[in-house]
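J.: Can you read through this structure? Questions will come right after.
The values are calculated or read from the model by the stated rules, or taken from the named source; none is laboratory data. Computed from a prediction, not measured in an experiment: that's the story for all the values here. Here the Cβ is made from the backbone with ideal geometry for all residues, glycine too, and neighbour counts use every protein chain on show.
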Amino acid sequence: MGRSLVITTVLLNLLIASSDARSIVPVKRQSVPATLPEDWSYKGCYTDSVGSRSLRSTATDSDAMDAEACIAYCGARGYSLAGTEYSRECYCGNKIQGAGALAEDGCSMPCSGDATEACGGPNRLSVYEKATTSAPPAAGSVGEWGAKGCYSDSVAARILSYGAAVNGGAANMSAESCTDACAAGNYKYAGTEYSGECFCGNTLDNDHGPEEDGCDMVCNGNHNQICGGANRINIYEFGLTAAPTTGWIAQGCYTDSVAARTLNVGMPVDGGAAGMTNEKCQTVCKGAGYTYAGTEYSGECYCDSQLRNDGGPAPDGNDGCNMLCNGNQTEVCGGPNRLTLFKYVTGDEPTASSTATTATPTEPTATSTRTNTATATATGLPTGFEYKGCWVDGPGFRIMDNQQTDDQQMTIASCSNKCADLGYTIAGMEYSYQCFCDDVIRMSGSLADNDSECSNQCAGNADEKCGGPNRLSVWSSQETLKIVKKPTPKQNVDGWVYQGCITETQEQSVPHVFQWKLFNETGNTPEWCLGQCKKFGYMAAGMEYGNECYCGDIDGIELSGALPAPETDCAFACSGDPESLCGAGLRLNWYKWEDDPLYVWNYPEGNEAGLYEFLVGGPVIPLISQPAINGKVMLLEKKGTGPPNSTGAYEFDPSIGGDIYHAFRELQGIDTDIFCAAGLTLPDRKGRQINVGGWSLDSTFGVRLHTPDGELGVNGTSRWQENFHELALQKGRWYPTAMVMANASMLVVGGQGGSNGVPVPSMEVLPRAGGVVEADYLRETDPFNLYPFLVVLPSGGIFIAYYHMARVIDEVTLDTVKVLPNIPSSVTANGGRTYPYEGTQVLLPQSYPYDDPLEVLICGGAAGGVGIDNCVSIAPDADEPEWTIERMPSPRVVSCMATLPDGTFLIMNGGKTGEAGFGLAKSPNLNAVLYDANQPKHQRMSVMANTTIPRMYHSESVLMDDGRVLITGSDPQDPDFDQEYRVEHFLPPYLLDGRQQPTLQVAEKDWEWEQDYSFTITRPNGNGDIKVSLLGSESSTHGNSMGARVLFPNFSCGGNSCTVTAPKGPYIAPVGWYRMFVMEGPTPSHAVWVRIGGSVADAANLGNWPNFETFQPLPGLGPI
């Protein structure tokens, strides 16, 4: 997907004109409906753009779309604008954005639900508007959280690093539910975005800043609040006290009655009742010296300096304030017995206090060696506060944190109340005007020798004492003060050993000592910080500024130029443990992991590292690579949006290899654009290849079939078959995933409704069986769940991974059976593994007797604009499944993973930063990494050979039948990287050790589960154990190897004659085509394709589907 791709109106019209199925030839002029829901009116025909939506808050589509349906959808979500487009699409918002402007024509396509109505057109919106006031506000403050305002954001570089799940899911999103979720994680900032997304963090990252507009999407869970927008986020800060606001502040809709006025003084305005506006009412009230102003019943104005007769916020919210001002029809001026109320604020009013939480000391057991016997009195104290004596404060250290702003009017009561209002239990006064708040006395604090040492008069009351030089007058609600020791470095934590205090750079051009930064305002401790670093495989870590935690590698010390510093420089107590040190400003207390290594990477050399070689220049940049049962590889590229004159399909013959004129055969028959479609090999007797979905319009509904023919070295004559009129998906899908189910049906999941279109959070089955099944969890995670990973599980369930979540669904109902733990991403951010964050997934090998739980392996992805540097694995069928994190040698995003005959996996291609999309991924990975599941976890990765060709977005790697790996493509549309037509192959070490490949002959290639079949081999090397592997047929695109799995079945040999037992089915080895390899020692044979479970495919009548003219001849039923 190209985030920057914008289809022009000309191109779109050409696409429409070329498609019979979606072409519109109006027989009469469609019109605006004569009647509309109450308060709604037609606003006009507006321009729109796929790349920059005019209404961008939320969207849906339907085959029953009309104005009423769209208005109902948008109105129910609190939006005041609704727009229909392209017959079946609906968009909502509170204002026209982007390049949206009134258009003279173009809104002429009939609504899919009512052909007499116009529902926009190509890049045209029929817009309807509700008579209403401006959009609802973002929450000003939420409990302890203060609003900072509307900020910019970006999927590629988040302002807040952690994506949080709120109670009730995205449908319950509000300022309250998001701040609650962030508070549970001890985060400083919370942010709501795109109606249903919540993000948390401890810093505002990636140079984002305040924005004047763009936060215009109502919260899913509270339609009276705004929850950000597209690339806009409403930020809240814990403990933030809002800056004083001056002027007239809207209070909302208040109750009133003629008999008992809430505001007692009725006032005439300029122009009389007919000219009433809120501003005119405010002017006359302020001029008369009143602080409240309220408008009512369109033309009445009332003033007062207090609220009377129990007047207050209306119990029905804003519903009763529903009458427009006589003098300004864009404003509301109350309603029957309802006031639109305003209050004039000078900024000097006392503000409501917020409550902050602080860490409880780990061991607050120390007590002072002296007891306070002095007494003092003060009035206006918080409940329970008493004088606790005069305490020594320094020099050179503080016994209380959280110093407040200096106050030249400070009194004992004002400081104590300030601390109590902030949630603290101890207040300390020093130097007459300094106020400190805390819950403990730090640094083993002690009483002064004499209470008279606190002799400074309070700045605001000369009759009271407020400390002295290096002395604190302490008042507290604690019966016995909690006193904690002077913080010291914690020497050993688990396998971590303290190394000392070192310098940290402040130069922007120099990296941090340790790369990954976490922030914990209230809970940073050595145990917490080092535990986070260990979890993600980092063996060096440090704490800074008391509340910062850093994870990384030991070589970061040398790379950053860090130097040893005096231990006294690291003097900040940890925010979560006042008795432990956590660095200081530009100083780190650092630790090294000295137990068993958290990971071991291998660095083979020479032939053991494998070899990249240039193979041939190609005519195609494939988005999809799919090995076929004839030994060739189908390469599919964009058609229409790709190179001119391309048919979109080429077949590569590996036996010809470097001869560009003969190695590729161009195929005809693809009618629509397969840009970002899904593919499979069908389990019918001919091993047809199927491709579904695509880029836009008809393409998204496309179902395309191809029957491989022609042996290696001989051109076939086959072509692709496609006819949208005869065979189509029920829902248009861009970026879907497909999977062959246990009953030989195909499950198609997810996607979007065309280029940057509305989400398609649903599933359907081919051949068609019933309707589509909606999945709320896909709707809630759009657009981060595209190309989800799908797996048939041995339990009979279906595993689905999407964004950073996973679950198991029932194979019949497609309902959720088990929700799995969230997928870990990086130590600093909650990123994703599926498109657009695009990691890659495979299944770890299963071996006879197949008793061990099947494990899913996912490697790479993106978080916070950086590739993820780990692989994670899980056994979904386990009783209590948990993810295992294994660190990779480098971060990887938009990468590929090829399954090898020996059950190892080759991780290749991609970048170290960014995400999927045109021009978004950077810093290429040029080496391959071999993952060997036969080794212990955390010791499975080897850094292999390098290439010189960057392979970024839209690159692929697949195994060829002879054991080589075919590497193709790279379509970044980025000036930093070429559009890559060169084709490489990678030679694994098993092809470089001088051994000859054994030969394999299989008489019977149509297998049934758990039956025995004969095969013969040659053993040219005369040594090495024999192994047999079965690799599921795959179609690879965007890191998703659809259909791939590897099994090691039971077999026996007598000389060169052997017998293999087909694996169990239909869940261990789902019905389908497999490549059979035999290995003599490390060396594989060439593959022989076999079909397993063909009787199930025949029972499903798959060989006679689809029985339409375009798709003849059909394979039929029976053995191969």
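J.: Restricting the search to the stretch 871-895, which residues are touching a residue at least 60 places away in the same chain (Cβ under 8 Å), under 20 Å from the mean Cα position of the chain (by Cα) and either surrounded by 24 or more Cβ atoms within 10 Å (Cβ to Cβ) or under 18 Å from Met952 (Cα atoms) (or both)?
T.: Matches in the stretch 871-895: Cys871, Val894, Ser895.
J.: Would it be correct to say that Asp684 is surrounded by 22 or more Cβ atoms within 10 Å (Cβ to Cβ) and under 35 Å from the mean Cα position of the chain (by Cα)? Write out each step before concluding.
T.: Working: surrounded by 22 or more Cβ atoms within 10 Å (Cβ to Cβ): yes; under 35 Å from the mean Cα position of the chain (by Cα): no.
So Asp684 does not fit the description; no.
J.: With the condition kept exactly as written, say whether any residue in the stretch 1049-1063 is out of contact with any strand residue (DSSP E or B) (no Cβ under 7 Å at 6 or more places or on another chain) and polar (S, T, N, Q).
T.: Step one: of the stretch 1049-1063, the residues out of contact with any strand residue (DSSP E or B) (no Cβ under 7 Å at 6 or more places or on another chain) are 1054-1055.
Narrowing further to those that are polar (S, T, N, Q): none.
No, the stretch 1049-1063 contains no residue that is out of contact with any strand residue (DSSP E or B) (no Cβ under 7 Å at 6 or more places or on another chain) and polar (S, T, N, Q).
J.: Looking only at strands (runs of 3 or more DSSP E) that fall completely inside the stretch 735-799, which ones have 2 or more residues that are in contact with a strand residue (DSSP E or B) (Cβ under 8 Å, 6 or more places away or on another chain) and of a type outside the set (A, V, I, L, M, F, W, C)? Lay out the reasoning, then the answer.
T.: Numbers: elements: 737-740, 746-749, 762-766, 789-792.
Where strands (runs of 3 or more DSSP E) fall fully within the stretch 735-799 and carry at least 2 residues being in contact with a strand residue (DSSP E or B) (Cβ under 8 Å, 6 or more places away or on another chain) and of a type outside the set (A, V, I, L, M, F, W, C), they are 762-766.
J.: Considering the stretch 292-338 alone, what residues qualify as being under 43 Å from the mean Cα position of the chain (by Cα) and in a strand (DSSP E or B)?
T.: Correct list: Pro313, Leu324, Gln329, Thr330, Glu331, Val332.
J.: Kindly indicate which of Ala67, Ala76, Ala101 is at pLDDT 90 or above and of a type in the set (A, V, I, L, M).
T.: Values: Ala76 fails: at pLDDT 90 or above; Ala101 fails: at pLDDT 90 or above.
Only one candidate qualifies: Ala67.
J.: Restricted to the stretch 1069-1120, and to residues that are assigned to a loop (DSSP other than H, G, I, E, B) and among the β-branched types (Val, Ile, Thr), which residue is nearest to the chain's Cα centre (by Cα)?
T.: Of the stretch 1069-1120, the ones assigned to a loop (DSSP other than H, G, I, E, B) are 1069-1071, 1081-1082, 1085-1087, 1093, 1100-1101, 1105-1108, 1112-1120.
If we keep only those that are among the β-branched types (Val, Ile, Thr) too, we end up with 1071, 1120.
Details: Val1071: 33, Ile1120: 45 Å.
If we take residues in the stretch 1069-1120 being assigned to a loop (DSSP other than H, G, I, E, B) and among the β-branched types (Val, Ile, Thr), then Val1071 is nearest to the chain's Cα centre (by Cα).
J.: What do you reckon, is Val819 surrounded by fewer than 16 Cβ atoms within 10 Å (Cβ to Cβ), of a type outside the set (Lys, Arg) and farther than 26 Å from Thr58 by Cα? Write out each step before concluding.
T.: Values: surrounded by fewer than 16 Cβ atoms within 10 Å (Cβ to Cβ): yes; of a type outside the set (Lys, Arg): yes; farther than 26 Å from Thr58 by Cα: yes.
When the stated conditions are applied, Val819 passes them.
J.: Assess whether Lys1005 counts as being assigned by TED's automatic domain parsing to the domain that holds Val1078 and either touching a helix residue (DSSP H, G or I) at 6+ places or on another chain (Cβ under 8 Å) or under 30 Å from Val943 (Cβ atoms) (or both). Give the steps one after another, and end with the answer.
T.: Details: assigned by TED's automatic domain parsing to the domain that holds Val1078: yes; either touching a helix residue (DSSP H, G or I) at 6+ places or on another chain (Cβ under 8 Å) or under 30 Å from Val943 (Cβ atoms) (or both): no.
Against the criterion (assigned by TED's automatic domain parsing to the domain that holds Val1078 and either touching a helix residue (DSSP H, G or I) at 6+ places or on another chain (Cβ under 8 Å) or under 30 Å from Val943 (Cβ atoms) (or both)), Lys1005 does not qualify.
J.: Considering the stretch 525-578 alone, what residues qualify as being charged (D, E, K, R), assigned to a helix (DSSP H, G or I) and either crowded, with 20+ Cβ neighbours inside 10 Å or in contact with a Gly (Cβ under 8 Å, 6 or more places away or on another chain) (or both)?
T.: The answer is Lys534, Glu567.
J.: Every residue in the stretch 171-189 that is within 14 Å of Leu518 (Cβ to Cβ) and either assigned to a strand (DSSP E or B) or in contact (Cβ under 8 Å) with a residue 24 or more places away in the chain (or both), please. Let's see the steps before the verdict.
T.: Looking only at the stretch 171-189, we keep the residues that are within 14 Å of Leu518 (Cβ to Cβ), and these are 185-189.
Asn186, Tyr187, Lys188, Tyr189 - these are the residues of the stretch 171-189 that are within 14 Å of Leu518 (Cβ to Cβ) and either assigned to a strand (DSSP E or B) or in contact (Cβ under 8 Å) with a residue 24 or more places away in the chain (or both).
J.: Going by the conditions given, is Val1078 farther than 16 Å from Thr707 by Cα, touching a residue at least 60 places away in the same chain (Cβ under 8 Å) and surrounded by 23 or more Cβ atoms within 10 Å (Cβ to Cβ)?
T.: Values: farther than 16 Å from Thr707 by Cα: yes; touching a residue at least 60 places away in the same chain (Cβ under 8 Å): yes; surrounded by 23 or more Cβ atoms within 10 Å (Cβ to Cβ): yes.
Here the answer is yes, as Val1078 does meet what is asked.
Residue-by-condition table, conditions (1) within 13 Å of Phe436 (Cβ to Cβ); (2) surrounded by fewer than 21 Cβ atoms within 10 Å (Cβ to Cβ); (3) among the aliphatic types (A, V, I, L, M):
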residue	(1), (2), (3)
Leu381	no, yes, yes
Val392	no, yes, yes
Asp401	yes, yes, no
Gln404	yes, yes, no
Asp407	yes, yes, no
Met410	yes, no, yes
Asn417	no, yes, no
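J.: Given the residues Cys551, Cys574, which is the only one that is farther than 30 Å from Phe652 by Cα, outside the structural domain of Tyr650 (by TED's automatic domain parsing) and touching a Phe, Trp or Tyr at 6+ places or on another chain (Cβ under 6 Å)? I'd like the intermediate steps shown before the answer.
T.: Working: Cys574 fails: touching a Phe, Trp or Tyr at 6+ places or on another chain (Cβ under 6 Å).
Selected residue: Cys551, the only one of Cys551, Cys574 that is farther than 30 Å from Phe652 by Cα, outside the structural domain of Tyr650 (by TED's automatic domain parsing) and touching a Phe, Trp or Tyr at 6+ places or on another chain (Cβ under 6 Å).
J.: If Pro469 satisfies every condition in (1) touching a strand residue (DSSP E or B) at 6+ places or on another chain (Cβ under 8 Å); (2) free of Cβ contacts under 8 Å to residues at least 40 places away in the same chain but one, which is the exception?
T.: (1)
J.: Among the strands (runs of 3 or more DSSP E) confined wholly to the stretch 896-1008, which include 2 or more residues that are in contact with a Pro (Cβ under 9 Å, 6 or more places away or on another chain)? Walk me through how you get there before you give the answer.
T.: Numbers: elements: 896-899, 904-908, 911-913, 922-924, 927-932, 941-946, 955-959, 965-969, 982-987, 1000-1002.
Hits in the stretch 896-1008: 904-908, 911-913, 922-924, 927-932, 941-946, 955-959, 965-969.
J.: Let me ask something additional. Hey, can you tell me all the residues within the stretch 93-125 that are more than 28 Å from Asp213 (Cβ to Cβ), small (Gly, Ala, Ser) and in a loop (DSSP other than H, G, I, E, B)?
T.: Those that are more than 28 Å from Asp213 (Cβ to Cβ), small (Gly, Ala, Ser) and in a loop (DSSP other than H, G, I, E, B): Ser108, Ser112, Gly113.
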